[in-house]
1. Which of the aspartates and glutamates could be linked to residue 38 by a straight reach, that is with a Cα gap under 15 Å, when you skip same-chain ones fewer than 8 residues away?
2. For the residues 105, 428, 7, what sequence is obtained by ranking on other C-beta atoms within 10 Å, fewest first?
3. Dividing the alpha-carbon Rg of segment 29-100 by 2.2 N^0.38 Å yields what?
4. Return the long-range amide H neighbours of residue 117 (sequence gap of 5 or more, or a different chain), with a cut-off of under 5 Å between placed amide H atoms.
5. Please identify the DSSP H helices in the chain that span no less than 27 Å along the helix axis (Cα) and have a mean Kyte-Doolittle hydropathy of -1.0 or more.
6. Kindly identify segment 240-353 as rounded, prolate or oblate by the Cα gyration tensor criterion: order the square roots of the eigenvalues as a ≥ b ≥ c, call it rounded if a/c is under 1.5, otherwise compare a/b with b/c, prolate if a/b is larger, else oblate.
7. So what are the radius of gyration and Dmax for the Cα set of segment 205-307, in Å?
8. Are there trypsin sites (Lys or Arg not before Pro) in segment 242-298 that DSSP puts in a loop and that have at most 12 other Cβ atoms within 10 Å, and which ones?
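A short reminder: the numbers here are calculations on the coordinates, not readings from a lab. What you see is a predicted model; the values in this text were computed from it and never measured. Cβ coordinates were reconstructed from backbone atoms using ideal geometry, including for glycine residues, and neighbour counts include every protein chain displayed.
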Amino acid sequence: MDLTNLTLKEASEGLKAKKFSSVDLTKAYFERIKKVDKNLHAYVLETEEQALKDAEKADEILAKGEGSALTGIPCALKDNFNTKGVRTTCCSKILENFVPPYDATVVKKLKEAGVVVLGKTNTDEFTCGGSTEHSCFGPTSNPWDVFRVAGGSSGGSACAVASNMAVFALGTDTGGSIREPASFCGCVGLKVTYGRVSRSGVTSFASSWDTIGPLAKTVEDAAMVLQAIAGHDDLDSTTPNIPVPDYLKNIDKGVKGLKIGIPKEYFEEGIEVGVREVVMNAVKEYEKMGAEIVEISLPMTKYAVAAYYIAAPAELSANLARFDGIRYGRKPQNEGEDLLDYYFAARGEGFGDEIKRRVMIGTYVLSAGYYDAYYKKAQKVRTLIIKDFEDAFKKVDVMITPVAPIPAWKIGEKMNDPLAMYLADAFTIPINAAGVPAMSVPAGFVKGDKGDLPVGIQIIGPQFSEELLFQVGNAYEKNSKVKAQNVKPQFKA
Ligand code: GLN
């Protein structure tokens, strides 16, 4: 039996039944990583020694019949999650030697649940991007075609899960960074309600948009991970004290009688024919399962990308101001004559091109004279987008849309055309603007030039409706023929 094929649920049951140990499981994963990651580059750091120690500890707990559903489960963390004593770079040169003195709240929670951390995964620098090509370590490849991107910014996490190099992984999603790579690589990716999961200890990109969530092999697995990481945290004041429900309780309830909205704006401009077909086929399956399909409208959709690419860089420029090479960030090679020289050198050497572009945009839109014309206007648009979603959820229970208008593109193809890259976020950004949860679930394939490329559907719900999203996603996964984790991606180097 190849242990790396197991879902989280299966691995957890196997551990409890003593069919194999956490050490066996962890070793199998490192074997797999050694075999395939040279072609894929999902990991930027492997922590094998510590992982094996943690696996031994987990086995002791399991031997006593104790532990949680996650005890002994090998997982991966995106490299913007602070891990105590373990290098955390945000895939930026400016943090290349940073070793955090503490764990992020979610990392602490996962460790308390008994997980085994295999390593840190690749991301676009400070999570700014949709392809991992903006990583100082170079891009992650798509497991279905190594000449294509894995998506991003949580491309390393998505690739690791889809190619059996981790049972599950954590990512962050500010404008699509969990859902888009999940769709491109063929795994499940959950963007939670804003505030559902604490972000303390995770480096901020745009604080009023950032969320944390799981990438997993199945919907059920994603629910199991969220169970362990959701909830209020005193260290993150945006996490309300709303009880965390039992996410598995209603997962098999099906979709009979549910109203599923199809927002027409997500099927019009710029969407590739094959992608639309996959999504519409999934919608038909939902109809067969007893859901009522309702066409609806989210008229503000077309303004979301523009509003985001003003508001998010504004927040980024403020958040990155702390990286000055003194308190945060590495010392520059040429320190210069005075403090200003020093700042220029530290930031000039430390940040990559995409970060520089966004910091300049952000600083510009926040500056006196431009604030009203850009930043304030973007905020007003955001309010209208929120209203779009409030109105829609008066008519339907959930919505289904494509995750991205196109499948994974070729590495390098969009590097000189930032606008083209930004437009790939058209269907994910509005969800972050509204702060609602959404999940990417594998739904089919389109033909690439070297074989099939995965495509996901996006299931969107009202705030704090993660339980319902799992129910809806699981119904599809259990009924459809497409189970990405059962189809082995090809590795053509
Ligand atoms: N692709 C989007 C961007 O480049 C989203 C990034 C994210 O969610 N972190 O900003």
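1. Those aspartates and glutamates meeting the cut-off are 46, 145.
2. Details: 105 24, 428 29, 7 19.
Ascending Cβ contact count within 10 Å gives the list 7, 105, 428.
3. Working: Rg = 14.5 Å, N = 72, 2.2 N^0.38 = 11.2 Å.
In units of the 2.2 N^0.38 Å rule of thumb, it is 1.30.
4. 75
5. Passing helices, by number: 377-395.
6. prolate
7. Using the Cα atoms of segment 205-307, the pair Rg, Dmax is 17.6, 47 Å.
8. Details: sites: 249, 253, 256, 259, 264, 276, 284, 288; in loops: 249, 253, 256.
Passing both the DSSP loop test and the Cβ count: 249, 256.
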